[in-house]
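Notes follow once the structure below has been shown.
The values are calculated or read from the model by the stated rules, or taken from the named source; none is laboratory data. Since the model is a prediction, treat every value here as computed from it, not as a measurement. Virtual Cβ from ideal backbone geometry, glycine too; neighbours counted across all protein chains shown. Calculation scope for accessible area: heavy atoms of the full protein, side chains included, ligands and nucleic acids excluded. Shrake-Rupley method; radii C 1.70, N 1.55, O 1.52, S 1.80 Å.
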Amino acid sequence: MCGVVGYIGLEDCATVILNGLKKLEYRGYDSAGLAISETAGALKVIRAEGKLSNLEKIFYQEPFEGTRGLGHIRWATHGAPTEINAHPHVAGSIVLAHNGIIENYRELRDKLAALGREFSSATDTEVVAHLIDSELKSASSLHDAVLKSLAQVEGSYAFVVMDINEPDTLVVARNAAPMVLGRSDTAAFAASDIPAVLEHTRKFVFLHDGDTAVLTREKTSIFDVSGTPVERPEKHIQWDPISAEKQGYKHFMLKEIFEQPTRIIDTLRGRADVEAGDINLGEVDIDPEFLKKVNRITVVACGGSFYSAMVSKYFIEEHTRIPVDVELASEYRYRKPIIDENTLCLAISQSGETADTLAALREAKRLGAKVMSICNVIESSIPRESDGVLYTHAGPEISVASTKASTTQLVALSMLGIWLGRRKGTLSAEQGRSWIEALRAVPTSIEAVLTNLEPYKDVAKTYASASSFLYLGRGQQYPVALEGALKLKEISYIHAEGYASGEMKHGPIALIDEKMPVVAIALKDTVYDKTISNLMEAHARGGKIIALVSEGDRSLSDTAEIVIELPQVDERVQSIITYVAVQLISYFIADLKGTDIDQPRNLAKSVTVE
Ligand code: AGP
């Protein structure tokens, strides 16, 4: 939930760290800090409440230099988002920035207070800074003190630590929070995510849970949980640094909406075998014999990823005849789920770090399930703890509201459906072929949607001042209605509810009056006639209908205030197109309202707390 950047090298690093934090702003943005310490005993620390720009302002008023430092961008968990609670925290000679939550910090704090330690902040992090500083007295090095301290710490953490009296070292530790290490010819870097330092290096090492690392100007040494030196493989990251920038779009969200055709192609690349009507999932390291025996799929996910799972329930069940249970990860882990040896647990997560999903995955594993994940961030915690992983290739998603990650999840779930259907014998080669062809046609259909944004801007102009929206859909379009409502809430702060069209008459119809915009998804699919009847019920109560219809369908011209025609595509992939439509409605409404679209209030990109 926070972002950390550490640097030790030959160059002046304050701006390297500040620029790195800028790339991590999606991880948190309620306060930030920077510490530089180059020579023994020297330390300069600045911290600021609010966005990173506040910290930069302070820095540029009185810049300082140094070749070793660390920075932090915070999303508060313990203690209000104030300057005093901002990281880095300093205790004695220790300077520390942390992402995660120390679960036993109260106990540690009491113990340290009894030894005469005084705390200036309300954070769990400061306690660890004091703990390391107190261990330093009997330790042989900073790394030794960190190891001794971690043995007493419970919780999740990704730390970068420096001792002002040991100027040639930066120590890093990771447990259940992301941390990557990079190295260029002149420096070593530690960061919560790759884009933070991608402009300086493409060579990365991913720490495992329990790992610590000692970074010096010359070398990086990694140690496992027992403190034994280990080798972790170095990976070469291909991402173009500017792919993490806005590239001229007003917001990352809009840029990411427009990236969808390319990212869907990337996700299909090398996996779809049109001729065989099959999917090559060789990269998913799960015993194919097990997958053939699967008789139940339990999907665990949160938020938008949960809605992707709900969409997939329709097509996976229909085409594989395997029952699919879709579970909110936060509920799953506490409700004694039933698992047998033929259950596949599927965890879906863009970030791969969502605490609830990770915990649900661990619970499913503990109960004996095989776990597979669909994830966008390589080597993040969820894939690393899964038996097999199918990566979406959406690239880094910066906007808090998920767009390209969601649609590529739908593509990955379709691929999984085809793969399972072919192995189960419920999907013929011809059916597999036509499904793959439908998937391959999706990017062109999305491009067609993106060439005419006027209808979405019209919706925004007409309804941006509404205080509440209702989204209706049936069949696969029901979860799309939920997703549309979520997206609108997230970025425009307008209350919105998604409902299955057929459920409306059982309660929510009471809400409808002439002030209520109703986004009705009414495509020419198998439930078209039913959907139209439900929509008429809303219209009869004065609801202002915004209809998403199939291209050429003019039948709602008299009923709806605004009709948006969408390309008619194969029903199995139709939701991918309607996802884009609801994303655009939310985006243009939020843009007109002037909200902070990429970093909406109270939200963080990666929810690493329960
Ligand atoms: C989606 O727009 C949201 N930002 C949020 O609901 C998100 O999908 C959820 O927090 C799960 O995240 P994950 O996919 O990274 O696990």
Among the residues of region 515-536, count how many are buried (at least 16 other Cβ atoms within 10 Å of the Cβ) and not in a loop (DSSP other than H, G, I, E, B). 11
Residue list for region 422-436, restricted to those being part of a helix (DSSP H, G or I), at pLDDT 95 or above and out of contact with any Asp or Glu (no Cβ under 8 Å at 6 or more places or on another chain): E430, Q431
Could you please let me know if L439 is under 29 Å from the mean Cα position of the chain (by Cα) and outside the structural domain of Q583 (by TED's automatic domain parsing)? yes
What pairs can you find where one residue is in region 1-24 and free of Cβ contacts under 8 Å to residues at least 60 places away in the same chain, the other is assigned to a loop (DSSP other than H, G, I, E, B) and surrounded by fewer than 24 Cβ atoms within 10 Å (Cβ to Cβ), and their Cβ atoms are less than 6 Å apart, with a gap of 6+ or different chains? D12/E65
Out of I265, I237, which single residue is open to solvent by less than 70 Å² (accessible area, probe 1.4 Å) and of a type outside the set (D, E, K, R)? I237
Look at Y463 and say whether it is within 16 Å of the ligand (Cβ to nearest atom), open to solvent by 10 Å² or more (accessible area, probe 1.4 Å) and at pLDDT 95 or above. no
Among residues belonging to region 316-328 that are in contact (Cβ under 8 Å) with a residue 60 or more places away in the chain and not hydrophobic (A, V, I, L, M, F, W, C), point out the one that is least open to solvent (accessible area, probe 1.4 Å). T320
Would you kindly identify the strands (runs of 3 or more DSSP E) lying entirely within region 48-160 that contain at least 1 residues that are under 22 Å from R174 (Cα atoms) and open to solvent by 10 Å² or more (accessible area, probe 1.4 Å)? 89-91, 94-102
Do you know which residues across region 172-192 are open to solvent by 30 Å² or more (accessible area, probe 1.4 Å) and charged (D, E, K, R)? R183, D185
Filter region 352-373 for residues that are of a type outside the set (G, A, S) and touching a residue at least 60 places away in the same chain (Cβ under 8 Å); the one that is nearest to the ligand (Cβ to nearest atom) is T354
Can you say whether S406 is touching a residue at least 12 places away in the same chain (Cβ under 8 Å), in a loop (DSSP other than H, G, I, E, B) and either within 14 Å of the ligand (Cβ to nearest atom) or among the aromatic types (F, W, Y) (or both), as far as the supplied structure shows? no
Identify, please: which residue in region 470-489 is open to solvent by 10 Å² or more (accessible area, probe 1.4 Å) and either of a type in the set (S, T, N, Q) or not in a helix (DSSP H, G or I) (or both) and is, among those, nearest to the ligand (Cβ to nearest atom)? Q476
Only one of E318, E327 is in contact with a helix residue (DSSP H, G or I) (Cβ under 9 Å, 6 or more places away or on another chain) and within 16 Å of the ligand (Cβ to nearest atom), namely E327
Going through (1) open to solvent by less than 10 Å² (accessible area, probe 1.4 Å); (2) touching a strand residue (DSSP E or B) at 6+ places or on another chain (Cβ under 7 Å); (3) not polar (S, T, N, Q) one by one, I562 fails only at (1)
Would it be correct to say that S349 is within 13 Å of the ligand (Cβ to nearest atom) and farther than 23 Å from D287 by Cα? no
All-but-one check, I446 against (1) open to solvent by less than 10 Å² (accessible area, probe 1.4 Å); (2) assigned to a helix (DSSP H, G or I); (3) more than 30 Å from L584 (Cβ to Cβ), failing number (3)
Reported set for region 379-403 where residues are more than 11 Å from the ligand (Cβ to nearest atom), part of a loop (DSSP other than H, G, I, E, B) and at pLDDT 90 or above is E385, S386, D387
So, in region 299-315, exactly how many residues are within 16 Å of the ligand (Cβ to nearest atom) and open to solvent by less than 20 Å² (accessible area, probe 1.4 Å)? 9
Cβ contacts < 9 Å: first residue in contact (Cβ under 8 Å) with a residue 40 or more places away in the chain, restricted to region 284-295; second residue open to solvent by 70 Å² or more (accessible area, probe 1.4 Å) and not basic (K, R), any location; separation 6+ or different chain. Result? F290/E341; K293/E341
Specify which of the listed residues (H539, H506) is without any contact (Cβ under 8 Å) to a residue 40 or more places away in the chain and under 18 Å from V459 (Cβ atoms). H539
May I ask you to list the residues in region 3-47 that are open to solvent by 10 Å² or more (accessible area, probe 1.4 Å) and either in a loop (DSSP other than H, G, I, E, B) or in the same structural domain as T354 (by TED's automatic domain parsing) (or both)? L10, E11, D12, Y29, D30, E38, T39, A40, G41, A42, L43
Given the structure, is V609 within 16 Å of the ligand (Cβ to nearest atom), touching an Asp or Glu at 6+ places or on another chain (Cβ under 7 Å) and either modelled with pLDDT of 95 or more or not assigned by TED's automatic domain parsing to the domain that holds L523 (or both)? no
Test A522 against the stated conditions and say whether it is more than 16 Å from the ligand (Cβ to nearest atom), within 27 Å of G417 (Cα to Cα) and of a type in the set (A, V, I, L, M). yes
Which of the numbered conditions does K336 fail, given that it passes all the others? Conditions: (1) within 14 Å of the ligand (Cβ to nearest atom); (2) open to solvent by 40 Å² or more (accessible area, probe 1.4 Å). (1)
Residue list for region 546-559, filter: under 18 Å from E514 (Cβ atoms) and crowded, with 21+ Cβ neighbours inside 10 Å: I546, A547
